[in-house]
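Right, one structure below, let's go through it.
The values are calculated or read from the model by the stated rules, or taken from the named source; none is laboratory data. It should be emphasised that the depicted structure is a prediction, and the values quoted were computed from it without experimental measurement. Because the Cβ atoms are built from the backbone with ideal geometry, glycine has one as well, and the counts that use them run over all protein chains shown. SASA here: full protein model, heavy atoms, side chains in, ligands and nucleic acids out. Shrake-Rupley method; radii C 1.70, N 1.55, O 1.52, S 1.80 Å.
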Amino acid sequence: MHLYLNRIIPSITNLGPGKRIGLWLQGCSLRCRGCMSPELFDKDERYRRDLESIFQEMIHLSPGHDGVTVSGGEPMEQSLALGVLMEKIRRHTRLD
């Protein structure tokens with residue numbers, strides 16, 4: 001299983017409570033006019049990441065963080081894989 005992931009940014013404090021790890025997913029078919037992140041519209045293979053490698057990076061980053069914030073693109077266009085990742089994070093970390 002995989003996700004199209006643009007970036008992971010640790011230590012964000014303005015997108016939820018506490019110190020968070022931000023996941024910016026790549027891909028959005030909505031393409032809203034005036035979108036603040038049009039660079040995240042296209043799903044390009046260079047952004048395709050194995051779910052296990054993302055999970056391992058999240059485990060590595062988790063100490064000192066309170067939670068995860070998911071943004072994009074449109075995260076719900078990858079809801080199945082995202083759900084699997086979030087369930088693994090919930091089971092194996094204290095991140096909200």
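Give the ranking of 7, 31, 94, 20 by solvent-accessible surface, highest area first, calculated with a 1.4 Å probe. Don't jump to the answer; show the numbers that get you there.
Details: 7 80, 31 115, 94 230, 20 15 Å².
Ranked from most to least accessible, the order is 94, 31, 7, 20.
For residue 50 paired with residue 86, estimate the spin-label separation in nm (one decimal), with each label point 7 Å from Cα along the Cα-to-Cβ line.
The two pseudo-label positions are separated by 2.5 nm.
Could you state the angle between the C-alpha long axis of helix 79-92 and the longest principal axis of the C-alpha atoms of the chain, as a value from 0 to 90 degrees rounded to the nearest 10?
It is inclined by approximately 10 degrees.
By how many degrees, 0 to 90 and rounded to 10, does the Cα axis of helix 51-61 deviate from the longest principal axis of the chain?
The angle comes out near 50 degrees.
At a 1.4 Å probe radius, which order do 1, 86 fall into by accessible area, largest first? The partial results should precede the final answer.
Working: 1 120, 86 50 Å².
Correct descending sequence by accessible area is 1, 86.
Relative to the present Cα-Cα distance, how much length would full extension add between residue 37 and residue 13 at 0.36 nm per residue of separation?
On the way: separation 24, 0.36 × 24 = 8.64 nm, distance 1.93 nm.
That pair, residue 37 and residue 13, stretches by 6.7 nm at full extension.
Within segment 77-96, whose backbone N sits under 11 Å from a point 7 Å along Cα→Cβ of residue 59?
Under cut-off, by backbone N: 89, 92-93.
Indicate the gyration tensor shape class of the chain (rounded, prolate or oblate), computed on the Cα atoms with a ≥ b ≥ c the square roots of the eigenvalues: a/c under 1.5 is rounded; otherwise a/b larger than b/c is prolate and the rest oblate.
Details: a/c = 2.07, a/b = 1.40, b/c = 1.49.
Note, shape of the chain comes out oblate.
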